[in-house]
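Below is one structure, written out as structure tokens; comments come after it.
All of the numbers you see were taken from the coordinates with simple rules; none came from a lab. If you're wondering where the values come from, they're calculated on a predicted model, not measured in any experiment.
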Amino acid sequence: MAIPVSELAEKLGMHGVLRFREGADCACTADGDVLKLFQPQSLRRLGGRPGDRRLGGNIGLVLRSDLPVKGRPSWRAPPVSLAMCPIANFPWLSAHSALSSEDVSPAFVQGLQQLIQKLPRTVPEIERDLGCDFMNVPVIDQGQRLIRLLREVRSV
């Protein structure tokens, strides 16, 4: 990625960076019982020049209680509560995803912040908004539920 995740986190108004495994850094924001995550990916723009890039990736959450004690080695496998979905499911946001001179569009930042704010903050909110069995369903079902919840957020 052209922009380091730590710089991107700052531009997005997120509080830090979480590393799950090598090459899987996420910008994160602590909010209640959860960490809200954005795992960025720099993608080549279709039909563009080789240097034309856009910002893609995944958005999701993980329970803070599933995080390892500070100073312990990173996980070999992701935490059970980690749930992510691709931001490509929100075309209104993808329309603002072009990177120019390693800068992110203000409309993209605003849209991503709206999605992050819509994510549940507590375990009771997860159960209410995503279902009591959310942490126990297959990953694909978790992603579908997240997408359904986040599609309530409309364009910027």
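The range 134-156 and the range 77-128 have Cα centres separated by 11 Å.
Taking amide H as placed 1.01 Å from N in the peptide plane, residue 16 has its amide H under 5 Å from the amide H of 28, each at least 5 places away in sequence or on another chain.
Taking amide H as placed 1.01 Å from N in the peptide plane, residue 99 has its amide H under 5 Å from the amide H of 53, 54, 55, each at least 5 places away in sequence or on another chain. Each residue of the range 34-39 is assigned a 3J(HN,Hα), and the resulting list reads 10, 9, 8, 10, 10, 9 Hz, derived from the Karplus form 6.51 cos²θ - 1.76 cosθ + 1.60 (θ = phi - 60°), x at Gly and Pro.
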